[in-house]
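First comes the structure, then the notes that go with it.
The values are calculated or read from the model by the stated rules, or taken from the named source; none is laboratory data. Given the structure is predicted, the values throughout are model-derived calculations rather than measurements. As a convention, Cβ positions derive from the backbone with ideal geometry for all residues, glycine included, and neighbour counts pool all protein chains shown.
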Amino acid sequence: MCKTLIAYFSASGVTARAAKAIADAVGADLYEIRPAQPYTPADLDWTDKRSRSTTEMNDPACRPAIAEPVPDMAQYDTVLIGFPIWWYVEPRIVDTFLEHCDCSGKTLIPFATSGGSGIDRAEKRMQALCPKAVWKRGSLLGSSGAADWAKRILNG
């Protein structure tokens, strides 16, 4: 039997709502990629060149620590990975998650929330981090439609 995990990082709650809707719609397990040091509003101020999010995103090698261990990935066949788009790509903590998972042979499907940026650059970066995974095209999701998208992508 195929088992699915919805792993997501959410700074403002938008991606969390989409992830929960997806998990409920497809009967998947849910795992929040939470930073060991939670982000404050000041950390997330992208207009401040010294804010934590800006300094992390300016350093491609940055890998923020995750608060809870990554789940045992051996039990999952498919992993949907959700995140907000930051600086046109996935936040560095998503890279931490990907590098701590053995996703060899697993189907990985990204989904993102954004005010206007696309998901293409994030998909390319993530595929480079997990080249032994089977990647399916992801999607940029709005405030609604996440559950329907997940049902289509997982059943099609």
A61 modelled with pLDDT of 95 or more, surrounded by fewer than 11 Cβ atoms within 10 Å (Cβ to Cβ) and among the aliphatic types (A, V, I, L, M)
yes
Identify, from the list V70, V79, the residue that is surrounded by 14 or more Cβ atoms within 10 Å (Cβ to Cβ) and in a strand (DSSP E or B).
V79
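Conditions tested, residue by residue: (1) surrounded by 14 or more Cβ atoms within 10 Å (Cβ to Cβ); (2) within 16 Å of F97 (Cα to Cα); (3) of a type in the set (D, E); (4) in contact (Cβ under 8 Å) with a residue 40 or more places away in the chain.
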site	(1), (2), (3), (4)
I119	yes, no, no, no
Q127	yes, yes, no, no
G142	no, no, no, no
A146	yes, no, no, yes
N155	no, no, no, no
Looking at (1) in a helix (DSSP H, G or I); (2) under 13 Å from the mean Cα position of the chain (by Cα), which one does L108 not meet, given that it meets all the others?
(1)
Scanning the range 35-55 for residues that are surrounded by 14 or more Cβ atoms within 10 Å (Cβ to Cβ) and part of a loop (DSSP other than H, G, I, E, B) gives Y39, D43, L44, D45, S51
If I ask for residues that are in a loop (DSSP other than H, G, I, E, B) and either free of Cβ contacts under 8 Å to residues at least 24 places away in the same chain or in contact with a strand residue (DSSP E or B) (Cβ under 6 Å, 6 or more places away or on another chain) (or both), which ones from the range 12-31 would you list?
G13, G27, A28
